[in-house]
Every structure is written in C-alpha cells, then in structure tokens.
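The values are calculated or read from the model by the stated rules, or taken from the named source; none is laboratory data. In this text the structure is predicted, and so the values were computed from the model without any measurement. Ideal geometry is used to build each Cβ from the backbone, glycine not excepted, and the neighbour counts take in all protein chains shown. Remember, those area values only see protein heavy atoms, side chains included, never the ligands or the DNA or RNA. Shrake-Rupley method; radii C 1.70, N 1.55, O 1.52, S 1.80 Å.
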Amino acid sequence: MAGTLYLCATPIGNLEDITFRVLRTLKEVDLIAAEDTRHSIKLLNHFDIKTPMTSYHEYNKVDKARYLVGQLEEGVDIALITDAGTPGISDPGEELVRQCYEAGIQVTSLPGPAACITALTMSGLSTRRFCFEAFLPSEKGDKKERARILEELRQETRTIIVYEAPHHLVRTLEDLYKVLGDRNITICRELTKKYETAYRTTFRDALEYYHEEEPKGECVIVIEGKPLEELRKEQISRWEEMEIQEQLAFYTDQGMDRKEAMKAVARDRGITKRDVYQQLL
C-alpha cells in the first residue's frame, strides 16, 4: 500500500504557531523532506522530534521528487516542510505534489501559517479579492519577465501581495511606484516575531522613509488594487480611440459572435446596442 505525502505548515517566526496535528504528523511519518535540513533541525529539536530528514530544495526538486515518489510508492509516509510557512507557497513543494498526483499518490495538506495571508489580514486593505505574486523576477535574472509582470499588475484591481528581501526592498518599491503609480500599501515585516511591524503608507512615503532608514527583516508588501472607476475611465478612453468597426473586429477575432460582440462594444462605450448598430450602418 502506497504512503501519503503530508504538506505540513511550520511557523513563519513564532514557534507557538505550529499546530498539534503537524507535531503529531512529524513524529509519526517515516521521513521528513525539508527545504533546508540545517534550518529545520532547530525546529525538530525544539519539539523533540526524532524523525529522519532528507533535503528537498529548489536545486534538486525534480530528481529528488522522483526519489521521494518512489519511496511513497513503497509505502513510506513523508512529511514535506519548508523553511517557514506552508509548503508549495513560493517554494519547490509544488513540483513534488505534481509528481505525486501523476503517480496516484495521496496528498493531504495540514493548514497553518502563511506569510501572505498573515500580512493580508493585518494590512487594513481589502481582503475580499487578492492576488499573490510572491517574489518578482530578479532584475539580474530576467528583466523582461519582471517588466511584463509589473505591467500586468498595473491593471490589477485586486489587492496585490508581493514578497521581498530587505536588501531589494527599495528597488522593488521604486519599480512598483513607477509602473503602478502612488498607491496605498502596507509593508509587513518580521511577521509573528518580537519586532513585527505593519507600516501603512504609500509608495511615495515609503521610499522617502527607506532612503533614510535601512530596511530590515523579510517583508511582505500588500498593495491596493487599481480603483475600478480609474480602470473603467482608461478602458473607455482606449475604446474611444478606436473606430467602432475596429473594436467589433477585436471581439469577433476572439471567437465572439457578432451579436455578442455588439453588446460588448455597447457596454465598453456606455452606449446602447442600437447606437452601435446605427453607427455600423
């Protein structure tokens, strides 16, 4: 009988945030796959957990996942833990989960801390709809991909969550400010730890502050989405620059039938379908 993969959320700072279920599971499984065994051994020692560990990280995630799946197929129960938070969120855990499903291995997730949710709920910004971007691509690694994602975020109306290291914080704030314009933001740092802070500010004020103060601690930037009214005005302005026939072709080229395309044109321009029809004659 095949084993089970347990995705075990671990504290993002305060060790008291670990759940009883995670503690029990870490003690009962046959093997713990950890992102950094040197880091995780401190957690296991603190709770007197003696289960064997093996490394599973970004640089061995594909090959090591194959090995772990093989172990699971032989009946070994495995717990996956990340350095902090929930496995699979901004870490290589998703690759192991994917391979497990392909192999028919049972996967279950033990809920617990996640920095993105912790920051969102204490940000004071809208929590109804949000998107998680994790770390933006490095400027050194892929400038084009970073620019593409920033441009996508420019039109995002949901609350945006971004991770950043302290030594890259100012540059990321500058890039976000340049593309998104000034927005309300909350910068959360050292979450659940002694010096936890939630700095409610704007891009402009944050940049002034951090040009004087050195950023410290891992940060989560929670960003106000683009106001719907502002987005609507931009869309109307864009459509008004186009001829109605051109806009209609835009929709029909995407597979929309002519009748539905006319409705879309009318909606975009704030006019009636009859007005569209008359202008097309």
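A DSSP coil position with no more than 11 other Cβ atoms inside 10 Å describes the following chymotrypsin sites (Phe, Trp or Tyr not before Pro) in segment 55-89: Y59.
Treating the Cα atoms of the chain as identical point scatterers in vacuum, please give the log10 of the normalised Debye intensity I(q)/I(0) at q = 0.09, 0.12, 0.15, 0.17 Å⁻¹, two decimals. Each listed q corresponds, in turn, to -0.60, -0.88, -1.09, -1.24.
Taking 0.36 nm per residue of separation and subtracting the current Cα-Cα distance, fully stretching the chain between D205 and T272 would add 19.7 nm. Here the simple spin-label model places points 7 Å from the Cα toward Cβ, and for Y67 and D182 these points are separated by 5.4 nm. For segment 196-274, the solvent-accessible area of protein heavy atoms averages 65 Å² per residue (probe radius 1.4 Å; ligands and nucleic acids excluded). Free of any GluC sites (Glu not before Pro) that DSSP assigns to a loop and that have at most 12 other C-beta atoms within 10 Å, the longest stretch within the chain is 75-211. Centroid-to-centroid, using Cα positions, segment 12-32 and segment 133-169 are 32 Å apart. Under the combined filter of DSSP loop state and at most 10 neighbouring Cβ atoms within 10 Å, segment 74-150 retains none of its chymotrypsin sites (Phe, Trp or Tyr not before Pro). In a Gaussian network model over the chain where Cα atoms closer than 10 Å are linked, find which of M122, M242, M53 has the largest mean-square fluctuation. Sorting by GNM fluctuation, first place goes to M242.
Looking at the chain, the DSSP beta bridges with both ends there are about 45 percent antiparallel.
The 3J(HN,Hα) values that the Karplus relation (6.51, -1.76, 1.60; θ = phi - 60°) gives for segment 249-264 are, in residue order, 5, 4, 6, 5, 5, 8, x, 7, 6, 4, 5, 5, 5, 5, 4, 5 Hz. Gly and Pro appear as x. Between the residues T201, A147, I271, the greatest Cα displacement towards the positive end of the dipole of segment 143-281, with unit charges on the Cβ of Lys, Arg, Asp and Glu, is found for I271. Charge dipole of the chain (Cα centre as origin; +1 on each Lys and Arg Cβ, -1 on each Asp and Glu Cβ, all else neutral): 620 debye, rounded to the nearest 20. Here the chain exposes an accessible surface that is 48 percent carbon and sulfur, computed with a 1.4 Å probe and the other protein chains kept in place. Within the listed set L191, L228, L31, the residue fluctuating most in the Gaussian network model of the chain (springs between alpha-carbon atoms under 10 angstrom) is L228.
The label point for T54 and the one for E196, both projected 7 Å from the Cα toward the Cβ, are 3.5 nm apart.
Think of each Lys and Arg Cβ as +1 and each Asp and Glu Cβ as -1; about the Cα centre, that makes the dipole of segment 69-179 roughly 700 debye. Treating cross-link reach as a plain straight distance, find the lysines whose alpha-carbon is under 25 Å from the alpha-carbon of K64, omitting any fewer than eight places away in the same chain. The reachable lysines, counting only those whose Cα sits under 25 Å from K64, are K27, K42, K50. Of the trypsin sites (Lys or Arg not before Pro) found in segment 10-73, those that fall in a DSSP loop while having at most 16 other beta-carbon atoms within 10 Å are K50.
The residues neighbouring P92, those whose beta-carbon lies less than 10 Å from its own, together hold a net charge of -3 under the Lys/Arg +1, Asp/Glu -1 convention. Farthest toward the positive end of the dipole of the chain, out of A249, V22, T192, is the Cα of A249, where the dipole comes from beta carbon charges about the Cα centre.
Candidates P166, V107, S126 compared by Cα position along the dipole of segment 62-182: farthest toward the positive end lies S126, with charges placed on Cβ. In this label model, L23 and E145 are separated by 4.0 nm, measuring between points 7 Å along each Cα→Cβ vector. Using a Gaussian network model of the chain in which every pair of alpha carbons under 10 angstrom is joined by a spring, one finds that among D182, D253, D268 the greatest mean-square fluctuation is at D253. Using a cut-off of under 16 Å, list every residue of segment 52-80 whose amide N is near the label point 7 Å from the Cα of Q106 along the Cα-to-beta-carbon line. Under cut-off, by backbone N: 72-80. Given their separation in residues at 0.36 nm each and the Cα-Cα distance between them, L228 and E240 gain 2.5 nm when the chain is fully extended.
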